[in-house]
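Below: the structure, in structure tokens.
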Amino acid sequence: MLPVSVGCVAHAKTADVAVVGLGGLGSAAAYWLARRGVDVVGFEQFELGHARGASHDHSRIIRRSYHTPEYVRLSAQAYDAWRAVEAESRHRMITITGGIDLFPPGAAIDHRTYTSSLSAESVPYEWIDGADVRRRWPAFAAGELISDDVMAVYSPQSGIVPAGHGTQVMQQLAVARGATLHGGTPVRAIRPVGGEVDVVTDEGVCRVGSVVVAVDAWTSRVLQQLDMEIPLAVTLEQVSYFPRPDLRDLGVGRFPVWIWMDDPSFYGFPVFGDMTAVKASEDCGGREVDPDLRTSEPVAEMEQRLQRFMQRLLGNDFGAPRSVTCLYTLTSDRDFVLDRLPGYPQISIALGAAHGFKFASWFGRTLAGLACGEPVAEELAPFSLTRPSLHAPIDRSAWMV
Ligand SMILES: Cc1cc2nc3c(=O)[nH]c(=O)nc-3n(C[C@H](O)[C@H](O)[C@H](O)COP(=O)(O)OP(=O)(O)OC[C@H]3O[C@@H](n4cnc5c(N)ncnc54)[C@H](O)[C@@H]3O)c2cc1C
């Protein structure tokens, strides 16, 4: 059980760095900061390990296959940063399963953005047809959807990272290295004071040298306090677990992570975490919500839409699904935010744009550098807070990438 007293003393520097939000990204930042020997304090509004944000449940896809060379290149660092967590924690973080990006004829997402990006970065992949997909992964032969003219990008390095467990492991590593993490402690205000920052909670004011803000669905609330606004859409998404008596064809090693690159877009996993069912979900299928007013009740219409798709994909001998809700926070261009706040270099902001967990440990490592005053690397330019595409009005079609 982690310590509970906040111990903030007004106007006296309490810690070097404060991390606000302890989901996957914030927990990684706390870990990588503590790993540098920095005195770090973390604040989470809910209990640590809660299921009201974006970093809970069993699994997230990790992959090298992306729609731009920049993401393909960065994804190598994502794997590397998770390997560092594995080495220190002795917990497996990456389970390699292989992955297929599926492109039906006339797909809404252009496969060439993926094949050209992978080629540009010399990352191995295969371009295979539906017959080959069914031969390699017989589970797909039970459905009607993977016809011969469905093409696929097969990426052997794709796999799974554990969302809830990975977040918890990084919290444990951070505490083991001296960080103080507070659950149930909402940050009410972040106030730049000269070159430092006051972090205000119900229990006091913490003066710190710099702050990392990783609050995902609550980002707009924090930015408004700091006179900044970016268009964001917070949507209520859900994943569903489909039970079946015989799951042998759907296990790791016999079934890949998969993404249906069309509109609507769906994705799924081999059996992982919950060993009684196979998991799938729809990308960007949810409605916009207020993160504080959202329910945890699954949406029947979304579940039925996904169930119909799963029956076409894998046949219809699944039992009734069990669903878990989760929040997406989408930027206009669906690119990350990873930058210092203009005018306040002591405040860094991170946002995973609903595809950030695979990069969580890399986010943490990069945020630790920013919070310690290191320059913003050139490779972060696509994630700047001042890029014009971030300030464009929200348009769902931009999320189809
Ligand atoms: C259904 C679903 C499927 C996904 N699939 C994938 C995938 O396959 N691969 C992938 O890479 N990514 C995926 N993602 C995206 C990924 O999960 C997120 O990008 C990532 O988890 C975001 O982490 P975070 O730490 O920024 O957000 P969160 O985990 O939401 O953490 C933010 C934290 O800030 C806290 N907070 C907010 N305001 C305050 C405050 N004032 N004071 C204190 N604490 C505060 C919140 O309570 C929360 O715990 C998926 C997301 C969802 C929802």
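The alpha carbons of region 351-401 give a radius of gyration and a Dmax of 12.9, 37 Å, in that order.
Excluding ligands, DNA and RNA, the accessible surface per residue across the chain is 39 Å² with a 1.4 Å probe. Annotation: K13 carries an accessible surface of approximately 110 Å², with a 1.4 Å probe and no ligand, DNA or RNA atoms counted.
When the solvent-accessible area of region 65-191 is split by element, carbon and sulfur atoms take up 48 percent of it, the probe being 1.4 Å. Peptides 218-231, 142-155 ranked from most to least packed by the mean count of surrounding Cβ atoms within 10 Å: 142-155, 218-231. In sequence order, region 92-105 has phi-based couplings of 6, 10, 10, 10, 6, 10, x, x, 10, 9, 9, 10, x, x Hz under the Karplus curve 6.51 cos²θ - 1.76 cosθ + 1.60, θ = phi - 60°, and Gly or Pro positions carry x. The orientation-averaged projected area of the convex hull spanned by the Cα atoms of region 200-274 comes to 9.8 nm². Which is farthest toward the positive dipole end of region 211-332 among Y328, A280, L247, measuring Cα position about the Cα centre, with Cβ charges +1 (Lys, Arg) and -1 (Asp, Glu)? My answer, from the dipole projection, is L247. With R₀ fixed at 25 Å, the C-beta to C-beta distance from E86 to M275 puts the FRET efficiency at about 0.70.
Taking the 1.4 Å solvent-accessible surface of region 231-364 as the whole, the part contributed by carbon and sulfur is 51%. At the residue level, M93 shows approximately 0 square angstrom of accessible surface with a 1.4 angstrom probe and all protein chains present.
Charge tally for P138 (other residues, Cβ to Cβ under 11 Å; Lys, Arg +1; Asp, Glu -1): +4.
Annotation: the antiparallel percentage among DSSP beta bridges lying fully within the chain is about 70.
If the chain were replaced by its equivalent ellipsoid, with semi-axes equal to the square roots of 5 times the Cα gyration tensor eigenvalues, what would those be, largest first, whole Å?
Rounded to whole Å, the semi-axes are 37, 21, 20.
Using the Cβ-Cβ distance between A176 and D110 with R0 = 45 Å, the FRET efficiency computed as 1/(1 + (r/R0)^6) comes to roughly 0.50. List the residues of region 202-227 whose backbone N lies under 20 Å from a point placed 7 Å from the Cα of R191 along the Cα-to-Cβ direction. The answer is 202-213, 221-227, whose backbone nitrogens lie closer than 20 Å to the label point.
Extension gain, A51 to E301: 0.36 nm times the residue separation minus the Cα-Cα distance gives 87.8 nm.
Taking the C-alpha atoms only, the angle from helix 111-120 to the longest principal axis of the chain is near 60 degrees. The modelled label-to-label distance for the pair R396/D149, using points 7 Å beyond Cα in the direction of Cβ, is 2.7 nm.
Can you compute the helix-only [θ] at 222 nm over the chain? Use -39500 (n - 2.57) per DSSP H run of at least 4 residues, normalise by all residues, nearest 500 deg cm²/dmol. Estimated from H runs of four or more residues: -7500 deg cm²/dmol.
The values are calculated or read from the model by the stated rules, or taken from the named source; none is laboratory data. The structure displayed is predicted, hence computed values, not measured ones. Neighbour counts are summed over all protein chains in view; Cβ atoms, including those assigned to glycine, are modelled from backbone coordinates with ideal geometry. In case anyone asks, the SASA skips ligands and DNA or RNA and just uses the protein heavy atoms, side chains included. Shrake-Rupley method; radii C 1.70, N 1.55, O 1.52, S 1.80 Å.
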